[in-house]
Each structure stands twice: as structure tokens, then as C-alpha cells.
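Working notes, beginning with the structure itself.
The values are calculated or read from the model by the stated rules, or taken from the named source; none is laboratory data. If you're wondering where the values come from, they're calculated on a predicted model, not measured in any experiment. Note that each Cβ is placed from the backbone with ideal geometry, even for glycine, and that neighbours are counted across all protein chains shown.
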Amino acid sequence: MSQEETLNDLISRMVYACAVRLARAGEYTEAERFLRLAPEPRSREHLLLLGRICGQQGRYDEAIAAWRSVEEISPGDSDASAAIARAVKLAQHPELHPARRLERWVRTAGAVAVAVALVVSLAANHRLKSSIRDADVRHSAEIAQLEDELAALRDDRDLSGVVEERLRSEPRLTGFPIQVDGGGGRIRCFGDVSSLELKDLISRLALSVNGVESADVTGVGVTHTYVTMRGDALSAIAYIVYGDAIRWREIHAANDAKLPDPDAISPRQVLRIP
């Protein structure tokens, strides 16, 4: 998994954890706003929760659309199928929605029934608050862990950038672009240089950066080079190094950044010979 994919995964998990907390607290609008901030493509869990929030507010068409997306991701998903069937039924018969049924019951019930309903509601509210409090503790810990992982990933990316800048500023590595990645203090370098001395230099420069514990330079290859002179042509260079002038295209492909025009060669250019 690339660093960008890892970052998107962390963001998605953080968004989902926050949305769950808000939904359990009855903050459906805020929970929905968080879910819609998640990077595409949204996961099955994101879409199931989004559908539940829309359905809770009577927006059955949007709820069904979200659950249909779950079926596209996971054909035959039993949770999505059951939710769609229930949403279709509620859309055709709004009076079956739990909130509507409660309203009708309260309107027709007497004072005793209302008192009983109030007691039941208070007990349920107490249980809900306890559940929300427990969920808050659990999801707060999850969010803290995700924030730590995100910070560690950001530190790794910053460390790679410092090493790459250090290598770019070294005059002896001019003309040899080196890529750097890694994490947790372990750096990996990729590219090509013209000698083992330069390869060793890359390792020493990377290890000189504060926070770097190891530098893997096995991805750095050593290639031959040719320093151009006045009047040189790629075909002549190919004949010198390969004994075949037709292979000039191989030299041009390895140096296209330096030689956008293969006929415009300046003296003292360092060309890689693949």
C-alpha cells in the first residue's frame, strides 16, 4: 500500500469513528456531513451508516441509493438487502415508521399511558446515555490511536523529504536524481549513479540526517557514464561504447531529461550509458 493509500485509509477510519459517535448522540446532520468528507471510494461501513442516517430522517430514496452502492461493492450483502426492503416498505407506508407509530399511540393514549411512556422513555434515555458514554470512551481511544498513526506517517514523509533535499544539495550527485521513501527511521533510496563511491556517498548522507536509523541503497544502481566533447553525436558515442551506432536511441532514452533534442549535445555533459 502506497503512502497516499495509507493516508486515505487513516482519514476514512477517523471520519467513520467520528460519524458513529455523532450518530449515537443523535447528531445525524453532523454525522452525515462527516461521512461525506470520506475519500472516495467509500467503504461498505460508510455507506451502510449513511443509509441508516438518511432512513432515520425519512429520506428513503437517499438511503436506498446508499445501500444499492453497498450491493455494488458486495453483491448479495444481506444487511443492505434487508435495509432496502425495510426502506421500500416504510416509503410506501410512512405510518409504519417508529416515530409515527409513537406519535399515534401518544395521541390516543390516556394520561396513565403517557406517564408509562415517559417512564419508559426516561429509562431508555438513561441506557442510551450510558451506551453513548461507553461508545465515546471507546471511539476516543480509537481516534487517538488513528491520530498517532497519522502523525507517524506525516513524520515519515517529512523525514524522506529531508533526506531527498540533502541528496539534491550535494554537488557530486548533480545529474543523478535519487528517489527516497521509507518510514520509522528506515530510509530506502532508488536511482542510478556512475560509481560505487557515489552510492556509498548516498548512504552516508542519508544516515547523517537526524532520525534516520538505517539507509538501504540496494535500489541504487551503478551505471557507466560518458562525458561529451565538442562535435559529439549520439550515434558516434553508441559506436564507441557498443560498437553499434544504431543503438544511439538507448543512450537517448536513458538521458531524455538532459537531452530533449538528441542532436543538441553540449560539451562536458555527463551521459548515462545503460
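Annotation: residue 217 fulfils all but one of (1) in contact with a helix residue (DSSP H, G or I) (Cβ under 7 Å, 6 or more places away or on another chain); (2) more than 28 Å from residue 170 (Cβ to Cβ); the unmet one is (2). Considering segment 22-73, and only residues there that are acidic (Asp, Glu) and surrounded by fewer than 19 Cβ atoms within 10 Å (Cβ to Cβ), the residue that is farthest from residue 10 (Cα to Cα) turns out to be 61.
Examine segment 44-61 for a residue that is in contact with a helix residue (DSSP H, G or I) (Cβ under 7 Å, 6 or more places away or on another chain), under 30 Å from residue 183 (Cα atoms) and at pLDDT below 75, and state whether such a residue exists. The answer is no; no qualifying residue exists. Note on segment 17-58: residues that are under 20 Å from residue 72 (Cα atoms) and in a helix (DSSP H, G or I) total 13.
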